[in-house]
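Here's the structure, in structure tokens; my notes come after.
The values are calculated or read from the model by the stated rules, or taken from the named source; none is laboratory data. Quick caveat, the model's predicted, so the values are computed rather than measured. Positions of Cβ are generated from backbone atoms using ideal geometry, with glycine treated the same way; all protein chains shown enter the neighbour counts. The area values use the complete protein model at the heavy-atom level, side chains included, leaving out ligands, DNA and RNA. Shrake-Rupley method; radii C 1.70, N 1.55, O 1.52, S 1.80 Å.
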Amino acid sequence: MASRLLAGSVLTVFVVFFVLPVIWLLLAATKTDQQLVHDNPLSFGSWHALTANWHALTAFQDDAILLWLRNSALYAAISLVITLCLAVPAGYALAMTEFRGRHALLIATLVVMLMPNATLVVPLFLEINAVHLIGTMWSIILPYSFYPFGVYLTYIYFSTAVPKDLLAAARIDGCSEFGVFRHVALPLATPVIALVGFFSFVANWTNYFLPYVMLPESDQMPIQVGVGSLLSNVPSFNPTVGDLAIQRPQLALATLVAITPVLVVFLFAQRFLVSGMLAGATKE
């Protein structure tokens, strides 16, 4: 009885701490600024206020929110394709071949994977600036495509979850190493590919600091940097904005718009994510 009471108490704390802010954010987008301040925080405003907030948000800088969404989708999609094309073969090669420096390469991959992203921004800026790509979409896409976690995750999968005898049988039948990878290993790796793709997409979509440093123009911003720039147009944070003001409910709506693609991708990919996270849990 005591253990159930403790578990219920912990669950209640987690619900209050994590779920209530999300509910508040959903409801805040349905209110006017005055309702957001004076009404019950968990009360629903109106569909009319939600529509008005959407029109005001899309009218800001001539549909800037939609441009930011398009930029985020472009950056995340191209970098995701490059990530999968590089990380999956790299993980397979590390798992299936022995070569000089392999152990050092794995250690380097782990070290880079554990480093906070912010620590890499300045070196990346210097490298991108040296090749004169600052202010272009490639200044975002190329660093996004560098994903050591994906390499290590596929390395673990191919090392533990793919039967070595199956790959050896394909080689005996005359299949080349590339053919073994393409026709045998790659189809078996669908769960982990989906897992790497999801984590890469989320990391790229939610990245704020790197595009903030690399992209000087407003029309190049991804949605996360764009939402951050909206803060400077909220009177509560900047009383000098005047006619260009964005109200707090509209800022809440912009936040919901920014996180919706990640939620949609998760809902469609959750079956592959579960199987991918369980992959390698047992060894043949």
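Within region 230-242, is even one residue under 20 Å from the mean Cα position of the chain (by Cα) and open to solvent by less than 30 Å² (accessible area, probe 1.4 Å)? No - not one qualifying residue is present in region 230-242. Close Cβ contacts (under 9 Å, 6 or more residues apart or on different chains) running from residues in region 19-42 that are within 13 Å of residue 249 (Cβ to Cβ) and polar (S, T, N, Q) to residues that are open to solvent by 70 Å² or more (accessible area, probe 1.4 Å) and not in a helix (DSSP H, G or I) comprise 30/44. Entry remark, region 129-149: residues being open to solvent by 40 Å² or more (accessible area, probe 1.4 Å), aromatic (Phe, Trp, Tyr) and assigned to a helix (DSSP H, G or I) number 2 in total. In the set (1) outside any helix (DSSP H, G or I); (2) within 13 Å of residue 153 (Cβ to Cβ), the condition left unmet by residue 88 is number (1). Residue count for region 200-245 under the criterion of being closer than 15 Å to residue 141 by Cβ and either at pLDDT below 85 or outside any helix (DSSP H, G or I) (or both): the result is 4. Taking the listed residues 47, 24, the one that is open to solvent by 90 Å² or more (accessible area, probe 1.4 Å), under 26 Å from the mean Cα position of the chain (by Cα) and not hydroxyl-bearing (Ser, Thr, Tyr) is 24, with no other qualifying. The listed residues are 187, 163, and the only one of them that is open to solvent by 30 Å² or more (accessible area, probe 1.4 Å), at pLDDT 85 or above and more than 21 Å from residue 75 (Cβ to Cβ) turns out to be 187. Hey, does region 190-201 have a residue that's under 30 Å from residue 169 (Cβ atoms), open to solvent by 10 Å² or more (accessible area, probe 1.4 Å) and more than 16 Å from the chain's Cα centre (by Cα)? Within region 190-201 (the criterion being under 30 Å from residue 169 (Cβ atoms), open to solvent by 10 Å² or more (accessible area, probe 1.4 Å) and more than 16 Å from the chain's Cα centre (by Cα)), the answer is yes, since at least one residue qualifies.
Restricting 248, 271 to residues that are basic (Lys, Arg), modelled with pLDDT under 80 and open to solvent by 50 Å² or more (accessible area, probe 1.4 Å) narrows the list to 271. Being surrounded by 14 or more Cβ atoms within 10 Å (Cβ to Cβ) and part of a helix (DSSP H, G or I) holds for only one residue in 52, 7, and it is 52.
The criterion of being closer than 15 Å to residue 148 by Cβ, among the small types (Gly, Ala, Ser) and open to solvent by 40 Å² or more (accessible area, probe 1.4 Å) does not hold for residue 87.
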